[in-house]
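Undergrad: Please find one structure pasted underneath; my questions will follow.
Bear in mind that the values in this text are calculations on the coordinates, not laboratory data. Remember, predicted model here, so these are calculated numbers, not experimental data. Note that we place each Cβ from the backbone using ideal geometry, even for glycine, and neighbour counts take in every protein chain shown.
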Amino acid sequence: MTQSSDVIVIGAGIAGASVAAELAADLSVTVLEMEDRPGFHSTGRSAATWIPGYGPDPVRALTRASGDFLKNPHDDFCATAITSPRGEMLLGLPGQDADVDNYRKVGMHDISLEDAVKRVPLLRTDAIEAVLYDGTCLDVDVDALHQAFLRRLKQRGGHVHCDSPATAISRRAGNWHVTAKGGTFEAPVLVNASGAWGDQVAELAGAQRVGLQPKRRSVAVIPPPPGADIDNWPVTASAGETFYFKPQSGMLLVSPADITPVDPHDAWADDMAIAEAIDQLMQYMDIEVTRVDHTWGGLRTFAPDGNPVVGFDPVLEGFFWLTGQGGYGIQTSPALSRTAAALIAGHDMPADIAEHGVTAEPLSPARFVR
Ligand SMILES: Cc1cc2nc3c(=O)[nH]c(=O)nc-3n(C[C@H](O)[C@H](O)[C@H](O)COP(=O)(O)OP(=O)(O)OC[C@H]3O[C@@H](n4cnc5c(N)ncnc54)[C@H](O)[C@@H]3O)c2cc1C
């Protein structure tokens, strides 16, 4: 039997969960997720940070517009804190002057090498040419945030069907018809929140691809250096984004910040890239890494211009894109989901989001689909 609703959302990662929760305030919403649980892909594999100076202009505007929501969640959304202070420190390594200048322009400020060593005592400063700092960067409890969106969706009467990959999508008589393992579903509006699979799902529906490119990023978790109190270390990265590290649950998370183009898949870490990251870590820190506790890989999916793709497809009626969040999908999710819900309902951009400089044009799929 076909199940009808106002909106079908494909994908129950942070994008699908957050927009579905928002839409469910006024509409009936069905979410289809191909895995047996939400958050299995990119959402469950992030570095869990909110970094206001990261990404292109539209992304930074969305990140700023999401800040209050993440810092002060309403009790009816999440009773526990979603974020905690972390701070971010960028190391200007030889050849990274232009990167350092770019980060100065978006509000990061210079600190002395002595100050840098106070923040991360094991830092080797001999090859470091500049250090920038931003104390506003936060850790995000991604699971708490994602579960709160899913809970809100449920409270508002929405449904998530897991183990339900959308395998056929067609438009008939003003409705989208989606065949999934869990049954058939119909709705006038279909939201494509399928992350790395965004172009594949679009093609299944008969839409033109926008050129989404999943890029693998690897992460290793290593024990903290003996005797070091790492809990308050900031996220520390090279300004050229060649590696970064941050404390996480008493361990040290290290990433080569790899950006390897791949097809959508269940990603795993690139061992060679991890080895290079550890090599850089030992070059710039007084650390001897003898053991890796565990590793993982995840996909960051980008449109050709690096901005998210959010809006109705200009050709296919009722087909809405919510993809291309790159490395910013967690930190932008509150503002991006409200932006998407407003566009779907035909409302103006919410005033508190517009105030931060968010506009629909740089996000629109019309920049790729004609
Ligand atoms: C190592 C790493 C570090 C990161 N660090 C950060 C960070 O610090 N801060 C930040 O903001 N972001 C970060 N990101 C990026 C962030 O994780 C992503 O932008 C975000 O999770 C994307 O969410 P999503 O819901 O679009 O994708 P996903 O979480 O991948 O969700 C898409 C869902 O769609 C489902 N799906 C696909 N096809 C179908 C189909 N045919 N039918 C049904 N379901 C389907 C998939 O199973 C999946 O669950 C990081 C990413 C990585 C990999």
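Undergrad: Among Leu212, Phe149, Leu190, whose Cα projects farthest towards the positive end of the dipole of the chain, with charges put on the beta-carbon of Lys, Arg (+1) and Asp, Glu (-1)?
TA: Positive-most Cα among the choices belongs to Leu190.
Undergrad: Using only the alpha carbon atoms of the chain, find the Kirkwood hydrodynamic radius as the inverse mean reciprocal pair distance, in angstroms to one decimal.
TA: For the chain, the Kirkwood estimate is 21.2 Å.
Undergrad: How do Asp279, Asp199 line up, fewest other C-beta atoms within 10 Å first? Please report the intermediate quantities before stating the final value.
TA: Working: Asp279 12, Asp199 24.
The most exposed by this proxy come first: Asp279, Asp199.
Undergrad: Can you give me the distance in nm between label points at Asp348 and Gln147, each placed 7 Å from the Cα along the Cα-to-Cβ direction?
TA: Going by the 7 Å Cα→Cβ label model, 3.9 nm.
Undergrad: Where the centroid of each part is defined by its Cα atoms, how far is region 329-370 from region 141-212 in Å?
TA: Here the answer is 19 Å between Cα centres.
Undergrad: If Lys and Arg each add +1 and Asp and Glu each add -1, what is the summed charge of the other residues whose beta carbon sits under 11 Å from the beta carbon of Ser337?
TA: +1
Undergrad: Compute the whole-percent fraction of alpha carbon pairs in region 1-52 spaced more than 14 Å apart.
TA: 57 percent
Undergrad: Okay, next question. Relative contact order for region 231-370: what percent, with Cα pairs under 8 Å and sequence separation of 6 or more?
TA: Reported as a whole number, the value is 16 percent.
Undergrad: Cα convex hull of region 183-223: mean projected area in nm², to one decimal?
TA: 5.2 nm²
Undergrad: Shifting gears a bit: So what is Rg over Rh here for region 62-121, counting just Cα atoms and using Kirkwood for Rh?
TA: On the Cα set of region 62-121, Rg over Rh gives 1.12.
Undergrad: Report the residue, chosen from Asp141, Asp263, Asp75, that carries the largest GNM mean-square fluctuation when the chain is represented by alpha-carbon nodes joined by springs under 10 Å.
TA: Top of the fluctuation ranking is Asp75.
Undergrad: When the Cα atoms of region 47-174 are enclosed in a convex hull and the volume is divided per residue, what value in Å³ results?
TA: Details: hull volume 26.3 nm³, N = 128.
Output value, Cα hull per residue: 206 Å³.
Undergrad: A follow-up question, please. Report the net charge of residues surrounding Ala269, where surrounding means a beta-carbon distance below 13 angstrom and charges are Lys +1, Arg +1, Asp -1, Glu -1. Could you put the intermediate results ahead of the total?
TA: Values: positive: Arg45, Arg216, Arg217; negative: Asp258, Asp266, Asp270, Asp271, Glu276, Asp293.
Cβ neighbours under 13 Å give a net charge of -3.
Undergrad: Compute, for region 13-90, the length of the dipole vector about the Cα centre, with Cβ point charges of +1 (Lys, Arg) and -1 (Asp, Glu) only. Units Debye, rounded to 20.
TA: It comes to approximately 380 debye.
Undergrad: More than 20 angstrom separation, counting every C-alpha pair in region 181-322; what % is that?
TA: Of all Cα-Cα distances in region 181-322, 57 percent exceed 20 Å.
Undergrad: Right, next: Got a sec to turn the phi values of region 219-234 into Karplus ³J(HN,Hα) couplings, 6.51 cos²θ - 1.76 cosθ + 1.60 with θ = phi - 60°, whole Hz, x for Gly and Pro?
TA: For region 219-234, the Karplus-derived couplings read 9, 10, 10, 10, x, x, x, x, x, 7, 9, 8, 3, 9, 5, x Hz, x marking Gly and Pro.
Undergrad: Within the set of other residues whose C-beta is less than 11 Å from the C-beta of Ser18, count the net charge using Lys and Arg as +1 and Asp and Glu as -1.
TA: It works out to a net charge of +1.
Undergrad: Using the crude model of +1 on Lys and Arg Cβ and -1 on Asp and Glu Cβ, and no other charge, please compute the dipole size for region 289-354 relative to its Cα centre, in debye to 20. Could you put the intermediate results ahead of the total?
TA: On the way: 3 positive and 6 negative charges, 65 e Å.
Dipole of region 289-354, to the nearest 20 debye: 320 debye.
Undergrad: Given the DSSP H assignment, sum -39500 (n - 2.57) over each helix run of at least 4 residues in the chain and divide by its residue total; what's the result at 222 nm in deg cm²/dmol, nearest 500?
TA: -7500 deg cm²/dmol
Undergrad: What does a probe at Val106 reach in region 329-370, counting residues whose amide N is under 19 Å from the point 7 Å along Cα→Cβ?
TA: Within reach of a label on Val106, which here means backbone N under 19 Å from a point 7 Å along Cα→Cβ, region 329-370 contributes 329-337, 354-364.
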